[in-house]
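Read-outs: derived from the displayed coordinates by stated rules, not from any lab. The shown structure was predicted, so the numbers you read here are calculated from the model rather than taken from an experiment. Note that we place each Cβ from the backbone using ideal geometry, even for glycine, and neighbour counts take in every protein chain shown.
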Amino acid sequence: MERLRAGDPRALARAISTVENRAPGWADLLKSLFAHTGHARILGLTGAPGAGKSTLVDQLAKHYRKENRSVGIIAVDPTSPYTGGAILGDRIRMQDHFSDPGIYIRSMATRGSLGGLSRTTADVATVLDASGRDLIMIETVGVGQDEVDIVRLADITVVILVPGMGDDVQTIKAGIMEIADIFVINKSDREGAERVEREIRALQSLAVRSDHWTPPIVKTVASEGVGTEDLAKAIAGYEVYLQKDNLALKRSVENWQQRIVEMLREAMLEQAREHISDGNLKKYAAEVAEHKRDPYSLVEGIVDKLGKR
């Protein structure tokens, strides 16, 4: 704890591994660390695969380091449904920062989780927050319409779009379009950038957010570092807006409502797994598959047994 709070990268790495792998003592560690959290600004960056999320995170990290702000980066990569492995390629893209003690990069595999995040991403963000980082950037997988989990974790959500990749507003507006606090049109030197901007503005005219914020649209060419300062200004602008009428606290309360439900779901699932051995689960599955029993009564019975424990 003391070494982690002092910013020791090895202690930080061990703590994150303990939490991510659910190693013995992980819950006690998080309980101890939580009192030291709440200081870091959590920034979520999401968008379709190939939108340039990693490059944009890399450029933002450089910008914030020039301001002498410490940065933690969580880069979530998809897990193979066949091998269970992940390439974790974001570390390769961000290797310029490895010698900088003010930046800590952690790649994580989704391990089968949907919604663009790993199950333990929020817990890893808690560890980074407790280690004294000023800013935590979370780069999600890039799964498209269903990638909305980030909004429950990030203080500010940036949705990244790219012209000419088939991810224009009409195709993805039902999902991640609604969670953006800031829109970024990356690779804006490509043809079609103006059309994407028009579509975003048309969408914004149709609905008013509950906090009455109109997400700004920032154009970038992340590979060349163009637009990074404009994006940082837009992020700072929303940070100021969040202080109005205690919006930051209201948003945090809403996020924690969702996260507590998720934590309860995970804890109860673990209890159920402990109650059912793999052998029994296989037997139950065979009985359901052969229509010897219905799954609804089966699950109801398991829940009843758990409630009487």
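Label residue 258 and residue 23 with points 7 Å out from Cα along Cα→Cβ: what is the distance between them in nm?
Placing both labels 7 Å beyond Cα along the Cβ direction yields 3.1 nm.
Given points 7 Å out from each Cα along the Cα-Cβ axis, report the residue 249 to residue 32 separation in nanometres with one decimal.
Those two pseudo-labels are separated by 3.1 nm.
Can you flag which of 53/250; 66/233; 66/244; 53/244 are past 24 Å Cα-Cα? Display every interim value, and only then the final one.
Numbers: 53/250 28 Å; 66/233 14 Å; 66/244 28 Å; 53/244 29 Å.
Exceeds cut-off: 53/250; 66/244; 53/244.
Once the other residues with Cβ under 10 Å from the Cβ of residue 8 are scored (Lys, Arg +1; Asp, Glu -1), what is the net sum?
+3
Once the Cα atoms of region 259-307 are picked out, what are the Rg and Dmax in Å?
Spelled out, the Cα radius of gyration and Dmax of region 259-307 are 12.2, 37 Å.
Starting from 0.36 nm per residue, how many nanometres of slack lie between residue 209 and residue 274 once their C-alpha separation is accounted for?
Working: separation 65, 0.36 × 65 = 23.40 nm, distance 4.30 nm.
Length difference between fully extended and current span is 19.1 nm.
For residue 65 and residue 1, what does the FRET efficiency come to when R0 = 25 Å and r is the distance between their Cβ atoms, rounded to the nearest 0.05?
0.45
For the charge dipole of region 205-309, defined by +1 on Lys and Arg C-beta atoms and -1 on Asp and Glu C-beta atoms about the Cα centroid, which residue among 242, 289, 263 has the Cα displaced farthest towards the positive pole?
So the residue we want is 289.
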